[in-house]
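Enquirer: Have a look at the structure that comes next, please.
The values are calculated or read from the model by the stated rules, or taken from the named source; none is laboratory data. In this text the structure is predicted, and so the values were computed from the model without any measurement. No Cβ is skipped: glycine too gets one built from the backbone with ideal geometry, and neighbour counts run over all protein chains shown. Please note that ligands, DNA and RNA were not included when accessible areas were found on the heavy atoms of the full protein model with its side chains. Shrake-Rupley method; radii C 1.70, N 1.55, O 1.52, S 1.80 Å.
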Amino acid sequence: MDYKVKELGKFQYIEEGQGETLLLLHGLFGALSNFGTIIEHFRQDYRILVPVLPIYEAPLRELSVGYLKNYVVEFLEAKGETEKMHVLGNSLGGHVSLFMALEEQDRLKSLILTGSSGLFENTLGNTFPKRKSYTFIERKAEYTFYDPATASKELVDSLFEIVNNNEKAIRVVACARSAIRDNVENRLHNIKLPTLLIWGKQDRITPPFVGEDFHKGIEKSQLYYIDKCGHAPMMERPDEFNRILSAFLNHQN
C-alpha cells in the first residue's frame, strides 16, 4: 500500500492513524516501504510517524548518527510534538533511536530496536570496489535476509543506484564510520526506558550476540529472537514481528 509523503519545510514524512505516537526510523539503505507492514498493522490504534532521514542530502562534514538524531528532534519540534512517544528503529535507524533514548529520554515512552547498529555491525562500506557489478550488489542485498527471495528487484535496483552514485556512496561510508565511532556500549546503562529488542536469529549484519549485548546493557529490556530471519524482521517475518511488538506496546499503557 502506498502512503502519502507529506512535507513540512525541509522535512518529508509519512503520518498515518490516530492514538499514541509510534515513531519509525529507517536504516542506511532502508526505504519507507520497509515499514509498510508495521504501518498497516498499527495504524488502527496508533499514530505512525515516519520521517525521511536526510542521509543523502546532509552536509557531508556534518553527517553522523548525532546529526540524524538532531534532525529527528528538529522534525518533532517543527511538528509541535509534546506527548511522549514510542520510537522504533531498524539498523542505522536503531542507532539514531539509541541516541534519542540517551539524549532525549523525556520525549520517549519506550524504545524498540531491531537489527540496530551501535555495538557491532558488518557494513557494505568496504565492498565498494565491486559496486558496478549488479550481480554483486544483488548478492549483498540477499545477504541481508535469511530468505534471499526477500531481496526484491526493486530493493536491489535501489541499492545499486545508491552505491553507484558517488555523492550517495561517500555518505554511506560516512554513516558507516560514524556508526563505528559512535559506539554506545559504555552508555547503555543510562537508558531507563522500557526496551524491546527483536532480532533475527540468522542476522548476519548485526548478529544475534549483538541483541544479547543490548539486552545485558539495557536494564529494562526484553529480547526476542525470530527464527529463519535476517536483518530486517519487520520485512521478512512481519506477522511474528507485529505480534511481539503489539504485546509489548499493550503493556506500556
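Enquirer: Report whether or not Pro148 is modelled with pLDDT of 90 or more, open to solvent by less than 50 Å² (accessible area, probe 1.4 Å) and out of contact with any strand residue (DSSP E or B) (no Cβ under 9 Å at 6 or more places or on another chain).
Expert: Values: modelled with pLDDT of 90 or more: yes; open to solvent by less than 50 Å² (accessible area, probe 1.4 Å): no; out of contact with any strand residue (DSSP E or B) (no Cβ under 9 Å at 6 or more places or on another chain): yes.
No: the conditions fail for Pro148.
Enquirer: Would you call His41 crowded, with 17+ Cβ neighbours inside 10 Å, in contact with a helix residue (DSSP H, G or I) (Cβ under 7 Å, 6 or more places away or on another chain) and assigned to a helix (DSSP H, G or I)?
Expert: Working: crowded, with 17+ Cβ neighbours inside 10 Å: yes; in contact with a helix residue (DSSP H, G or I) (Cβ under 7 Å, 6 or more places away or on another chain): yes; assigned to a helix (DSSP H, G or I): yes.
When the stated conditions are applied, His41 passes them.
Enquirer: Modelled with pLDDT under 95 and within 25 Å of Ala31 (Cα to Cα): does that describe Ile198? Outline the logic, then answer.
Expert: Details: modelled with pLDDT under 95: no; within 25 Å of Ala31 (Cα to Cα): yes.
Here the answer is no, as Ile198 does not meet what is asked.
Enquirer: Shifting gears a bit: For Leu53, work out the one condition from (1) under 29 Å from Asp239 (Cα atoms); (2) of a type outside the set (Val, Ile, Thr); (3) open to solvent by 10 Å² or more (accessible area, probe 1.4 Å) it doesn't fulfil.
Expert: (3)
Enquirer: Keeping to the stretch 41-70, report how many residues are of a type outside the set (Lys, Arg) and closer than 17 Å to Gly89 by Cα.
Expert: Qualifying residue count, the stretch 41-70: 17.
Enquirer: Further, regarding this structure: Scan (1) closer than 18 Å to Val96 by Cβ; (2) modelled with pLDDT of 85 or more; (3) open to solvent by less than 60 Å² (accessible area, probe 1.4 Å); (4) not charged (D, E, K, R) for the single condition Thr123 breaks and write down its number.
Expert: (2)
Enquirer: Regarding the stretch 10-18, can at least one residue be identified that is touching a residue at least 24 places away in the same chain (Cβ under 8 Å) and at positive phi?
Expert: yes
Enquirer: Can you say whether Lys109 is more than 18 Å from Glu167 (Cα to Cα), modelled with pLDDT of 95 or more and touching a strand residue (DSSP E or B) at 6+ places or on another chain (Cβ under 6 Å), as far as the supplied structure shows?
Expert: On the way: more than 18 Å from Glu167 (Cα to Cα): yes; modelled with pLDDT of 95 or more: yes; touching a strand residue (DSSP E or B) at 6+ places or on another chain (Cβ under 6 Å): yes.
Yes; evaluated as a whole, the condition is true for this residue.
Enquirer: Report yes if some residue within the stretch 99-106 is more than 22 Å from Pro59 (Cβ to Cβ), open to solvent by 60 Å² or more (accessible area, probe 1.4 Å) and at pLDDT 90 or above; otherwise report no.
Expert: Yes, the stretch 99-106 has at least one match.
Enquirer: Give the stretch 19-32 a look and list any residue that's outside any strand (DSSP E or B) and in contact (Cβ under 8 Å) with a residue 60 or more places away in the chain, or say none. Break it down into steps so the answer makes sense when it comes.
Expert: Kept after step one, since they are outside any strand (DSSP E or B), are these residues of the stretch 19-32: 19, 26-32.
Within the stretch 19-32, His26, Gly27, Leu28, Phe29, Gly30, Ala31 meet the criteria.
Enquirer: Looking only at residues in the stretch 225-241 that are part of a helix (DSSP H, G or I) and of a type in the set (Asp, Glu), which one is farthest from Asp203 (Cα to Cα)? Quick ask: steps written out before the conclusion?
Expert: Start the filter on the stretch 225-241 by keeping residues that are part of a helix (DSSP H, G or I), which leaves 233-236, 238-241.
Remaining after also requiring of a type in the set (Asp, Glu): 236, 239-240.
On the way: Glu236: 11, Asp239: 18, Glu240: 16 Å.
Going through the qualifying residues, I end up with Asp239.
Enquirer: Cβ-Cβ under 6 Å, sequence separation 6+ or interchain: first residue in the stretch 170-197 and within 14 Å of Lys216 (Cβ to Cβ), partner open to solvent by 70 Å² or more (accessible area, probe 1.4 Å). Which pairs?
Expert: Sorted first by the residue in the stretch 170-197, then by its partner, the pairs are Thr195/Lys220.
Enquirer: Return yes when Glu138 is out of contact with any helix residue (DSSP H, G or I) (no Cβ under 6 Å at 6 or more places or on another chain), acidic (Asp, Glu) and surrounded by fewer than 22 Cβ atoms within 10 Å (Cβ to Cβ) and no when it is not.
Expert: Numbers: out of contact with any helix residue (DSSP H, G or I) (no Cβ under 6 Å at 6 or more places or on another chain): no; acidic (Asp, Glu): yes; surrounded by fewer than 22 Cβ atoms within 10 Å (Cβ to Cβ): yes.
It is false that Glu138 is out of contact with any helix residue (DSSP H, G or I) (no Cβ under 6 Å at 6 or more places or on another chain), acidic (Asp, Glu) and surrounded by fewer than 22 Cβ atoms within 10 Å (Cβ to Cβ).
Enquirer: Here's another thing I want to ask about it. Going through the stretch 77-99 one residue at a time, which ones are in contact (Cβ under 8 Å) with a residue 40 or more places away in the chain, farther than 17 Å from Trp199 by Cβ, assigned to a helix (DSSP H, G or I) and not small (Gly, Ala, Ser)?
Expert: If the condition is that a residue be in contact (Cβ under 8 Å) with a residue 40 or more places away in the chain, farther than 17 Å from Trp199 by Cβ, assigned to a helix (DSSP H, G or I) and not small (Gly, Ala, Ser), then Lys79, Val96, Phe99 are the ones that fit.
Enquirer: Can you name every residue in the stretch 192-240 that is of a type in the set (D, E, K, R), under 18 Å from Leu92 (Cβ atoms) and open to solvent by 30 Å² or more (accessible area, probe 1.4 Å)?
Expert: Hits for the stretch 192-240 are Arg204, Asp213.
Enquirer: So which residues in the stretch 56-76 are part of a loop (DSSP other than H, G, I, E, B) and in contact with a Ser or Thr (Cβ under 6 Å, 6 or more places away or on another chain)? Steps first, answer last, please.
Expert: Step one: of the stretch 56-76, the residues part of a loop (DSSP other than H, G, I, E, B) are 56-64.
Across the stretch 56-76, the qualifying residue is only Ser64.
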